[in-house]
Amino acid sequence: MAEVLVPIGPQHPALKEPVSFRVWADGEVIVRLEMDVSYNHRGIEKGAEQRDFHRTLPLLERICGICSHSHTTVFAKGIEALMQVEAPPRARAIRTVVAELERVHSHLLWLGVAAHEVGFNTLFMWTWRDREAVQDVLEALTGNRVNYGINAVGGVRRDWPPDLVSTALDRVAPLGDRVRLYADMVAREKTMLARFTGVGKLTREQVLAYGAVGPTARASGVDYDVRRDDPYLDYARLPWKVITDDHGDVLGRTLVRVGELHESLNMIQVLLRDLPPGEIRAKVPRTAPPGEFLSRYEAPRGELVHFLRTNGTDRAERVDVRTPTMANWTSVAMALRGRWLADIPVIVAAIDPCLSCTSRVSLADPEGRDRGGMTWDELREHGIRFYAEGRHER
Amino acid sequence: MANLPVLSEMFGNLGSRPSTVLYPFVKVPVPEGFRGRVAVDDSRCIGCGKCVQACPASCVEMVKDEREVEVKGRRITRKRRPEVMVFRCIRCGLCEDSCAQDPKAIFLTPAFAGSGPDRRLVVR
């Protein structure tokens, strides 16, 4: 039978963000997948190079609505390393608490989305209700539910009085039981087992070859977590363990995330019970000396990398963002091969894709119908033409 | 037996209150320190312009407004005052952090709601 092209997106009811899949199928079986993830290009990297470090943080926070704290922490930590200053212990603890609360709400959101993709909407409602409690805690601790604005270069912007900390502890504590309930459900519910077991299988070798990160990699037995392997903030002194699984399928990715929920909730409680006293912000110079730094961070979806180059001024010369979703896409294309068309939503959802973080440059020709990527030479020619025609002034 | 956790959760929920509230008919609690709509108290402003430098969204502008103010016991003539384009504001609070006055002349209020079509709407 001849192969059939099934176009999905960029606008599609099953997708929350614009992405274009061109799925080649032989009957119901996927032969290969072509992707275009470039519908959300916002020029944030360039914007980050045009403003000083302090004004860059709120911009980077808006790369992603779920990992907003990840992007500011990885940037602030990199700039602090270049400036050779260290955030005070209390600031590091506060950053860690917000980072882990962010992981909890992200994983709860994912669990709900995954359940929704297989039609188990009851679990979707329950996890999102519990996520609401985490969002409320974040709102009380930082002043916002999405863009926390807690980070500053050199520390954090807001101190937490003891009564706020104890209220947060009281609200986080009951979530442990809820997560245990979900762990039980994931392992036993027929709906989830039927749709997750053996679906989107990736071997350890495949994960390593395609560079997958985060829960996707750990679910295939890759024992790798930046929090342990390149410790930052307070992770080296906290009691926790890296969760891995060897199912290699969507079930494995679910079990890893549920396990991480446990670990994160424990870390949050340990930290909140014993927040180090002292300053929350170190004095930092206005400029950073010339240098380069590769700042790494374990975001909820996997390893997040910011490459930073400074040139002695108060702004970065280059900010390059490599988001975990970018690293995970190749593994999705491989995991889909040989599976049914019907498995696409689950396999794609299993990496918890975040497209607005991932989008890179894309070409759209307003005169014709041509659409696609740009080579370096085309981009160069486009730049020359753009300015020669004076389009930058319009 | 495999369905036990789901069933116990379902029966538990039968007797509980809804998780949602009837906003806007019910007032939603806003925690202390929530970063809401920006406000300017002109009576406290000395026109230093630090908020303009701090704003990442470039939504604060200094406009001409001369007035006598007291700074550290000295009387000086303030030349300018800030105006904030409220729908360009991203509510980061960096202007409030940078304000040298105590209490602050530019600050975020707990008011979270509010939208409108006029991009150039300013608060003074």
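Computed from Cα atoms, the angle from the helix B:4-14 axis to the main principal axis of chain B rounds to 60 degrees. For the range A:107-229, what class follows from the C-alpha gyration tensor (a ≥ b ≥ c being the square roots of its eigenvalues): rounded when a/c is under 1.5, otherwise prolate if a/b is larger than b/c, else oblate? Since a/c reaches 1.5 but b/c is at least a/b, the shape of the range A:107-229 is classed as oblate.
Entry for the range A:44-324 at q = 0.16, 0.17 Å⁻¹: log10 I(q)/I(0) = -1.25, -1.37, Debye formula applied to identical alpha-carbon scatterers, no solvent contribution.
With neighbours defined as other Cβ atoms within 10 Å of a residue's Cβ, the residues B:F11, A:F53 order from fewest to most as B:F11, A:F53. For the pair A:D163 and A:E49, the difference between a 0.36 nm per residue extended length and the Cα-Cα distance amounts to 37.1 nm. Counting Cβ atoms of other protein chains within 10 Å of each residue's Cβ and taking the mean over peptide B:54-64 gives 2. Candidate cross-link partners of B:K79 among the lysines, defined by an alpha-carbon separation under 18 Å and a same-chain spacing of 8 or more, comprise B:K50, B:K64. The ranking of B:M10, B:M62, A:M326 by Cβ neighbour count inside 10 Å, starting from the fewest, reads B:M10, B:M62, A:M326.
Going by a ≥ b ≥ c, the root eigenvalues of the Cα gyration tensor, does the range A:281-325 fall in the rounded group (a/c under 1.5), the prolate group (a/b larger than b/c) or the oblate group? Here the range A:281-325 falls in the oblate category.
Scanning residues 5 or more positions from B:D65 or on other chains, those with amide H under 5 Å from its amide H are B:R80, B:R81, with H placed 1.01 Å from N in the peptide plane.
Take the convex hull of the alpha carbons in the protein assembly as shown; its mean projected area over all directions comes to 29.4 nm². Per residue of B:29-36, other chain Cβ atoms within 10 Å of the residue Cβ number 5 on average.
Pairs of lysine residues in the range A:44-324 that meet both criteria, 8 or more places apart or on different chains and Cα atoms under 26 Å apart, total 5. Between A:W24 and A:R309, what is the spin-label point distance in nm, taking each point 7 Å from the Cα along the Cα→C-beta axis? With each label placed 7 Å out from Cα toward Cβ, I get 3.7 nm. From the Cα gyration tensor of the range A:214-318, with a ≥ b ≥ c the square roots of its eigenvalues, which class applies: rounded if a/c is under 1.5, or else prolate if a/b is larger than b/c, or else oblate? It comes out oblate by the Cα gyration axes. Packing order of peptides A:95-108, A:253-266, B:19-32, A:151-164, highest average first: A:95-108, A:253-266, A:151-164, B:19-32 (average count of other Cβ atoms within 10 Å over each peptide's residues).
Each reported figure results from applying straightforward, stated rules to the coordinates on display, with no laboratory input. Source: prediction; values computed, not measured. Quick reminder, even Gly has a Cβ in these numbers, built from the backbone with ideal geometry, and neighbours come from all protein chains shown.
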